[in-house]
1. Testing the spin-label approximation: label points 7 Å from Cα along Cα→Cβ at ASN87 and GLU57. State their distance in nm.
2. Pull up all non-local amide H partners of GLY169: gap of 5 or more, or a different chain, and H-to-H distance under 5 Å with H placed in the peptide plane.
3. Between ARG67 and GLU149, with labels modelled 7 Å along Cα→Cβ, what's the label distance in nm to one decimal, could you check?
4. Roughly how many nanometres apart are two label points built 7 Å out from the Cα toward the Cβ at ASN178 and LYS274?
5. Please list, in chain and number order, the residues 5+ apart from CYS129 or on another chain whose amide H is under 5 Å from its amide H, with Hs placed from the backbone.
6. Would you give the gap between the C-alpha center of the stretch 37-87 and the C-alpha center of the stretch 252-271, rounded to a whole Å?
7. Give the calculated FRET efficiency between THR266 and ASN75 to the nearest 0.05, with a Förster radius of 25 Å applied to their Cβ-Cβ distance.
8. Name the residues whose placed amide hydrogens come within less than 5 Å of the amide hydrogen of LEU161, ignoring near sequence neighbours (fewer than 5 apart) on the same chain.
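Every number here is computed from the coordinates shown, using simple stated rules; none is lab data. This is a predicted model, so every value here is computed, not measured. Note that each Cβ is placed from the backbone with ideal geometry, even for glycine, and that neighbours are counted across all protein chains shown.
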Amino acid sequence: MKKTSSKFKIIALTFLLIIQLIFRKIEKIYYIDKIFLYDNNDIDGERFETVIKDYSEKGFVDILDWRGKKKQIYNIMNDCYKQNYRNYDWLIFYEIDEFIHLNNYSNIKSFLSEDKFRNCTLIYLNLVCHTDNNLLYYENKSLFERFPELVPESKLGGQKLEVKFILKGHTPNIVINNIHNCNKNIPNCNGYGHKNKIRNIYSTELDKKNYYIDHFYSKSTEEFINKVMRGNPCKVPKNYDFERINKYFYQSEITKDKIELIEKRTGHNLTYLKKMIN
């Protein structure tokens, strides 16, 4: 393993959808040097500066106000890249409900210091999605305690998994227009250092064992509804709420209680889903 240099620097960009106090784990376990927290919460929503005041004061987390802006995620990723690619060795883009899993490594800095990534500019990791575990409401426990169940392989769309990427710093002229992949002409690999086959936003080479990202797409029904009510940070198609609801029930079991709770909170008519209940 290549020895990790003290000059080897990594930043993480995250989008503030629902704040969770994971910064201590990120700092002490992941060995990330800096977090840029783009706050794309509701315009009148709760501010989180006081919640993570200690991390902000010591310079570990910078909070950037990104509320009320269109196509937020793409602009956020490009803004973070342009402001920081010259100063850091790797840039990690992820959402607050995603957790990087690296088997056999104590931290991400050791992982990214490996020689296998020397000629790799993009590292693609599979998104491994978790179901709602049939929980209707929020519980004050960790996500891994509440949602251990994974989306069945039969629902992975032809045995494909979505990907997210880690981008090598000091790489000029990058334009990010997709949260899942980047320029096809850039040298890329998977967590093993092997060239990855990417089609659209999917990888044809699955890895759910060693190097991947746990994604808690919906969490409980109550939390999923809150996510829908915030709108779409990428685009606003006419039927986007229903696209999200359909995806939710594709990954998790359809039940009467869930449908009724969503209908009550959103005002949407989900009769078509009721007909699908066994």
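1. Inter-label distance under the simple model: 2.2 nm.
2. Result for GLY169 returns TRP90, LEU91.
3. About 3.6 nm, to one decimal.
4. Here the answer is 3.9 nm between the modelled labels.
5. Residues meeting the amide H criterion: VAL151, HIS215.
6. So the separation of the two Cα centres works out to 32 Å.
7. On the way: r = 27 Å, r/R0 = 1.07.
Efficiency computed from Cβ-Cβ geometry: 0.40.
8. Answer set, sorted by chain and number: SER203.
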